[in-house]
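For reference, the structure discussed in these notes is given below.
The values are calculated or read from the model by the stated rules, or taken from the named source; none is laboratory data. Keep in mind that what you see is a predicted model, and the values were worked out from it rather than measured. Note that we place each Cβ from the backbone using ideal geometry, even for glycine, and neighbour counts take in every protein chain shown.
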Amino acid sequence: TEEKFDAIVIGAGMAGNAAAYTMASRGLKVLQLERGEYPGSKNVQGAIMYSNMLEKIIPDFRDDAPLERHLIEQRFWMMDDTSHIGMQYRSDDFNESRHNRYTVIRAQFDKWFSRKVREAGATVLCETTVTELARDSDGKVIGVLTDRTGDMILADVVVLAEGVNGLLGTRAGLRETPKPQNVALAVKEMHFLPEEVIDQRFGLKANEGCVIEAAGTISRSMAGLAFLYTNKESISIGIGCLVSDFAATMESPYELLESFKNHPSIRTLIAGSEVKEYAAHLIPEGGYRAIPQLFGNGWVVVGDAAQLNNAVHREGSNLAMTSGRLAGEAIFLVRKGGRPMTKENLALYKSMLDKSFVIKDLRKYKDMPALLHTNSRNFFTTYPQLLSQAAQNFMRVDSTPKLDKERATTAAFIKARSRWGLVGDAVRLAFAWR
Ligand code: FAD
C-alpha cells in the first residue's frame, strides 16, 4: 500500500529528531525511520549537549529531559607520558539557572527527544532500516524503501539524518564516501562510580560537572584527542584519532584508550570504577571543505551525514540539532508557500544554514583539518613534550641559574623544530585559526 507523507526523516539521532520535531510541531505529516531497536540504541555514549541549540527547538526541555551534570569547569591538557600541562577554566557563573552545557547519556537523551517527536505528532518507526531512496524518472527523490516491507513509502521530501556513515546518500550518488583523513574513529568507555566520589575527585557539588580534553603523546603522533566527561554516576572516557592515521600506524584504538586510562594524571580519577559499556563510533572531522551537496530535488541532508562537525571545538550535536531544525523550518516554509520540494526551493535550507553559526564556524576553521593532518607529529608529540619539559625545567628548583634554564629551554625548541620551523608552525597555526 502506498501512503504519502509530507516528509520522511531517516535516523533518530540529534539531527533527525530536531528535523522531525520542527516539522511535526508545525503540523506536517512526518514519518521518521530508525534502524536501532530504539532511538539512541546506536548512540550509547555520554556526551556534551549544548542548551542554546536545544532551547531553540524545545524551550522548556529542562522540565523533563534526562540531563546528567551541568558543566562549570573545562580543562585542556597537553600530555606527555608522565605529565600534563594545561589550562583550566572554572566559573561559578555557569551555575546560572539556565545552564549552558550539560553532560547527557545519549541512549537516554535520544529516547526522550524521540518521545517529544512523537508527542509533536510524527510517526516514529524503529527497527526499520531504510535500504534505498526511491526516485522518479527525473531523478527526484520521492520516498524510501525499507527492510520492513518491500513497499515504497512516498513523501514530498526526504531528510537524510543517517549519521556519519551516510551509506544511503553515498549509494544514491548524492555524496562521496568520506575520506579516511576526514573522519576520526573514537572509542569510549563508561566508568561507573558513586556520585559523591565523582564530586570529591573533581571538586564538584550538586550536579556540577567537569570536562577534560587532552592532546599529546597519548595519540602516538596521530592527530587525535582524548576526553573525559563527568556524568552523575559515571565518567565517559575516550580517545579518537583520524582513520587515515590509524591505517598508517596500525595503532589499536583500544590500546590508546588503555594508555590514556593508565596515564598518571587520569588513573586516580577513575580508580575503582566499574566499566559497563564500550563503544566505537566515527566522527566527521573534515570541516568546511568536506561538506557535501546539502540539498537536491526532494532531499536535504543534515547533521553528521552532512559532515557538519566542528572538530576544533569538539561540537557535533549542536550543529546536528541546528541543521535539523533549519532543514525542518525551510521545508515548512517551502510548503507554506505552496511550492514544490525542488532543488531550487530547498536551497532555502542552505541559505539559512549559511547565515547560522554552523557554516560560519566551519568556514573559520576551514584550513585546520589539513594542517593537523599533515603536521600531526609536531602538534601532537613534539610540542607537548617540549612544553612539558619547559614547565618541568621551570618548576624544578635546583642550583641551575634561571638564565641557563631559559637558554636550555629555548635551545630545546630550536633543536626540535629549528628557528624557521617554529616561526612557520606559529604562522600556519595563526592562519588556520583566523
Ligand atoms: P547520529 O546521532 O549518528 O544519528 C544517526 C541515526 O541514524 C542513528 O540513530 C542511526 O541508527 C540511524 N540510521 C543510520 N542509517 C540508517 C538507515 N539506513 N535507516 C534508518 N536509520 C538509520 N558531539 C557533541 O556535541 N558533544 C560531544 O561531547 C560529543 N562527543 C562525542 C563523542 C564520541 C565518541 C563521538 C563518536 C561523537 C561525539 N559527538 C559529540 C558528535 C555527536 O555525537 C554527533 O555529531 C551527533 O550525534 C550527530 O547527530 P546525527 O543525528 O547527525 O547522527
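Odds and ends about this structure:
- When GLU96 is tested against (1) under 21 Å from the mean Cα position of the chain (by Cα); (2) within 22 Å of LEU204 (Cβ to Cβ), only condition (1) is not met.
This table checks each residue for (1) under 18 Å from the mean Cα position of the chain (by Cα); (2) within 13 Å of the ligand (Cβ to nearest atom).
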{"residue": "GLY150", "(1), (2)": "no, no"}
{"residue": "VAL158", "(1), (2)": "no, yes"}
{"residue": "THR177", "(1), (2)": "no, no"}
{"residue": "GLN181", "(1), (2)": "yes, no"}
{"residue": "MET190", "(1), (2)": "yes, yes"}
{"residue": "GLY203", "(1), (2)": "no, no"}
{"residue": "GLU208", "(1), (2)": "no, no"}
{"residue": "ILE212", "(1), (2)": "yes, yes"}
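- ALA18 closer than 14 Å to GLN108 by Cα, near the ligand (Cβ under 9 Å from one of its atoms) and either touching a helix residue (DSSP H, G or I) at 6+ places or on another chain (Cβ under 9 Å) or not in a loop (DSSP other than H, G, I, E, B) (or both): no
- In this structure, ARG26 does satisfy being more than 11 Å from the ligand (Cβ to nearest atom), farther than 30 Å from LEU386 by Cα, in contact with a helix residue (DSSP H, G or I) (Cβ under 6 Å, 6 or more places away or on another chain) and part of a loop (DSSP other than H, G, I, E, B).
- The listed residue being away from the ligand (no atom under 16 Å from the Cβ) and aliphatic (A, V, I, L, M), out of LEU269, LEU225, LEU282, LEU242: LEU269
- Residue among GLY238, GLY287 that is buried (at least 23 other Cβ atoms within 10 Å of the Cβ), closer than 19 Å to ASP80 by Cα and under 15 Å from the mean Cα position of the chain (by Cα): GLY238
- Any hit, the stretch 69-84, residues being surrounded by fewer than 16 Cβ atoms within 10 Å (Cβ to Cβ) and more than 16 Å from the ligand (Cβ to nearest atom): yes
- Among strands (runs of 3 or more DSSP E) entirely within the stretch 225-330, having at least 1 residues that are outside the structural domain of ARG135 (by TED's automatic domain parsing) and of a type in the set (D, E, K, R) singles out 274-284.
- Count of residues meeting criterion [within 28 Å of the chain's Cα centre (by Cα) and assigned to a helix (DSSP H, G or I)] in the stretch 412-434: 9
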